[in-house]
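Below is one structure, written out as structure tokens, with a few remarks after it.
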Amino acid sequence: MSSIGNIVKISGPLVVAEGMRDANMFDVVRVSDRRLIGEIIEMHGDRASIQVYEETAGLGTGQSVESTGEPMSAELGPGLIGSIYDGIQRPLDDIRKVCGNNLARGVEVPSLKRDKKWSFTPTVKAGDKVEEGDVFGTVPETDIVLHKVMVPSGVSGTVKSIKEGEFAVDEIVCVIETEKGDRELTMAQKWPVRRGRPYKKKLSPNMPLVTGQRVVDCLFPIAKGGVAAIPGPFGSGKTVTQHQLAKWAEADIIVYIGCGERGNEMTDVLNEFPELIDPKTGKSLMERTVLIANTSDMPVAAREASVYTGITIAEYYRDMGYSVALMADSTSRWAEALREMSGRLEEMPGDEGYPAYLGSRLAQFYERAGRVVSTGKEGREGALSVIGAVSPPGGDISEPVSQATLRIVKVFWGLDSNLAYQRHFPAINWLTSYSLYADSLAEWYNNNVSADWMNCRARFMQILHEEAELKEIVKLIGMDALSADDRLKMETARSIREDFLHQLAFHEIDTYTSLKKQLFMMKLILGFNDEAADAIKKGADIEAVAELPVREKIGRFKYVEEKNTDEEFGQIQTEISSELDLLLNKEED
């Protein structure tokens, strides 16, 4: 039911209208004759506070406000993959056709193209019984994504008729006979963005989301369906790290939300992703990616909607049985939009002016992640992993958004400006970061990679922590005062940092490392450490041990192609033993 009122107050993106008695909370409204898009965020009697997702300059009191009677919803169907949307799911390429390079206000374009025909193949026949979540047809959306068209929520019954052929998303392809009469289905459906999509069961996070990034997979893994945060100061590599995860993570679908980031960063994504070749399929990465671009020069209020739009699209593909990775860059900018609206509504502020409900809003967003069994008779298993960047001012993670995020997420990849200045990338600090999934993933790693994996990981963490303690001693009394064993620990820790944790995002081989190769790298570093420790006990000089030529080969192993790793691993292991034996024989002579 629509409701028409009049504007009585305008405060930036906040518009207050009277006469909206028939409207409901979170209804989408059209403001003034310019038809600006807004959403009701507060109701007092017939007075509605509206968050307008477009520039409100030029509006005046007395102008009309019309409620559509529907909540802010995402349109879901074939055509999402490869699209670039703004924060309220308007396709930017279609807007450009309508109004050129400058984004005009009040533009109305459908989220899914109505002029494109899709090849629809039914998976059920007339007379079959279906329930919500069942797949009744498929569409080859791209060369690598098969779009499963599902029965909408709340619909179940018997298939009366179903067609096969080429159809637009708004054409009727199936009629279902329900208790309330016939229901005509198209390939598209709508879903309110602020409400999580239903599922049958949530599964425990006991499978890792393999990313090919060594510091992540080895030290601080994230589970499929897990949640992670990447906080870090300006220039520490948040965006590049998220790009790396988007490119290489073992996910079928990527949803990338540029929420309030600079335009040039989104431009990098738009330029890079179509050219990047997906290593699993050999096709363009854009053929499994949805981009939501809400840059810092776009209306601030629309940032708030962008994360909900993105996660609703991600949940839709999760329900098809796909593994989806969602990148939100960054939730700090989203929180700024909340802070601005809270201030305009004259609410009681919390820490640093953020609203008191900041933590609960962040939790509502992150809790929509998970590995689930979807609705429907098939019970497809899908996963939605959420990785959110946080941009604390000055890199100070004691500020409210970082702290609220840390209370929710299970993985913390803390970026360090000192590491970034030293050109150590990814600049994830191994002393402050953590993963609460590591123990629950141990069984998977031991069964699927090697029984030594968790033991190697534990030794790496121990050596790195011991190095931090030894560095304090070195500062006081110098390196020469350390025992030979402690000197070896320092050398091994340097090898872990420089040869293993340091990874070049723009090197064609080093950009991605398989779990098998990661295990080989760990075993080479620890194998050298163990054999060198034995040699030192037998009287070898630590200086000579540290300068052995094989150490460079261990360091360069990360640049060995995957197909040659077995052979190279065996050769280096042999060289470690032979060089240390040679050194001991020299010492004895």
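The values are calculated or read from the model by the stated rules, or taken from the named source; none is laboratory data. Note that this is a predicted model, so its numbers are computed, not measured. Don't worry about glycine lacking a Cβ; one is built from the backbone with ideal geometry, like all the others, and counts go over all protein chains shown. Please note that ligands, DNA and RNA were not included when accessible areas were found on the heavy atoms of the full protein model with its side chains. Shrake-Rupley method; radii C 1.70, N 1.55, O 1.52, S 1.80 Å.
Only residues that are part of a loop (DSSP other than H, G, I, E, B) and surrounded by fewer than 20 Cβ atoms within 10 Å (Cβ to Cβ) were counted across the range 142-167, and they come to 10. The residues of the range 211-227 that are part of a strand (DSSP E or B) and either open to solvent by less than 10 Å² (accessible area, probe 1.4 Å) or basic (Lys, Arg) (or both) amount to a single one, Ala223. When restricted to residues that are open to solvent by 20 Å² or more (accessible area, probe 1.4 Å), part of a loop (DSSP other than H, G, I, E, B), touching a residue at least 60 places away in the same chain (Cβ under 8 Å) and more than 14 Å from Pro78 (Cα to Cα), the range 168-194 contains 1. Quick check, is Gly87 of a type outside the set (D, E, K, R), under 25 Å from Gly263 (Cβ atoms) and out of contact with any strand residue (DSSP E or B) (no Cβ under 8 Å at 6 or more places or on another chain)? Criteria not met by Gly87. Could you tell me whether the range 297-311 includes any residue that is in contact (Cβ under 8 Å) with a residue 60 or more places away in the chain, charged (D, E, K, R) and closer than 17 Å to Pro91 by Cα? Yes - at least one qualifying residue is present in the range 297-311.
Residues Leu464, Leu482, Leu436, Leu431: which one is surrounded by fewer than 20 Cβ atoms within 10 Å (Cβ to Cβ), touching a His at 6+ places or on another chain (Cβ under 8 Å), free of Cβ contacts under 8 Å to residues at least 40 places away in the same chain and not hydroxyl-bearing (Ser, Thr, Tyr)? The unique qualifying residue is Leu431. Apart from one condition, Leu80 fits all of (1) surrounded by fewer than 21 Cβ atoms within 10 Å (Cβ to Cβ); (2) more than 26 Å from Ser342 (Cβ to Cβ); the exception is (1).
Suppose we keep only residues that are among the hydrophobic types (A, V, I, L, M, F, W, C) and in a loop (DSSP other than H, G, I, E, B) within the range 111-136. Which one would you say is most open to solvent (accessible area, probe 1.4 Å)? Here the answer is Ala126.
Residues that are out of contact with any helix residue (DSSP H, G or I) (no Cβ under 6 Å at 6 or more places or on another chain) and either under 27 Å from Arg459 (Cβ atoms) or not aromatic (Phe, Trp, Tyr) (or both) within the range 224-234 comprise Lys224, Gly225, Gly226, Ala228, listed in sequence order. For the range 231-261, which residues satisfy the criterion of being modelled with pLDDT of 90 or more and among the β-branched types (Val, Ile, Thr)? Within the range 231-261, Thr241, Ile253, Ile254, Val255, Ile257 meet the criteria. Scanning the range 195-209 for residues that are surrounded by fewer than 23 Cβ atoms within 10 Å (Cβ to Cβ) and hydrophobic (A, V, I, L, M, F, W, C) turns up Leu203, Met207.
For the range 439-461, the set of residues classified as open to solvent by less than 70 Å² (accessible area, probe 1.4 Å) and of a type in the set (A, V, I, L, M) consists of Leu441, Ala442, Val449, Met454, Ala458, Met461, listed by residue number.
As for the range 417-428, it holds no residue that is over 23 Å from Ile313 (Cβ atoms), in contact (Cβ under 8 Å) with a residue 40 or more places away in the chain, open to solvent by 20 Å² or more (accessible area, probe 1.4 Å) and β-branched (Val, Ile, Thr). If you filter the range 251-275 down to residues that are part of a loop (DSSP other than H, G, I, E, B) and in contact with a strand residue (DSSP E or B) (Cβ under 7 Å, 6 or more places away or on another chain), you find that the one that is farthest from Pro393 (Cα to Cα) is Asp252. Considered as a group, the residues in the range 87-97 that are open to solvent by less than 10 Å² (accessible area, probe 1.4 Å) and part of a loop (DSSP other than H, G, I, E, B) include one that is modelled with the lowest pLDDT, and that residue is Gly87. The range 490-589 holds helices (runs of 4 or more DSSP H) entirely within its bounds, and those carrying 2 or more residues that are open to solvent by 40 Å² or more (accessible area, probe 1.4 Å) and among the charged types (D, E, K, R) map to 515-537, 550-556, 565-588. Per the conditions (1) touching a strand residue (DSSP E or B) at 6+ places or on another chain (Cβ under 8 Å); (2) more than 26 Å from Trp413 (Cα to Cα), the sole criterion not satisfied by Glu346 is (1). The strands (runs of 3 or more DSSP E) found entirely in the range 1-76 that carry 3 or more residues being out of contact with any His (no Cβ under 8 Å at 6 or more places or on another chain) and open to solvent by 60 Å² or more (accessible area, probe 1.4 Å) are 4-11, 64-71.
Residues that are of a type in the set (Ser, Thr, Tyr) and out of contact with any Leu (no Cβ under 8 Å at 6 or more places or on another chain) within the range 201-236 comprise just one, Ser204.
Do we have any residue at all in the range 369-381 that's of a type in the set (Asp, Glu) and over 23 Å from Ala228 (Cα atoms)? Scanning the range 369-381, I find at least one residue that is of a type in the set (Asp, Glu) and over 23 Å from Ala228 (Cα atoms), so the answer is yes. Selection of first residues in the range 565-589 that are on the phi < 0 side of the Ramachandran plot and of second residues that are open to solvent by 80 Å² or more (accessible area, probe 1.4 Å) and of a type in the set (D, E, K, R), restricted to Cβ pairs under 6 Å at least 6 apart or on distinct chains, gives the following pairs, ordered by first then second residue: Ile572/Lys553; Leu584/Lys538.
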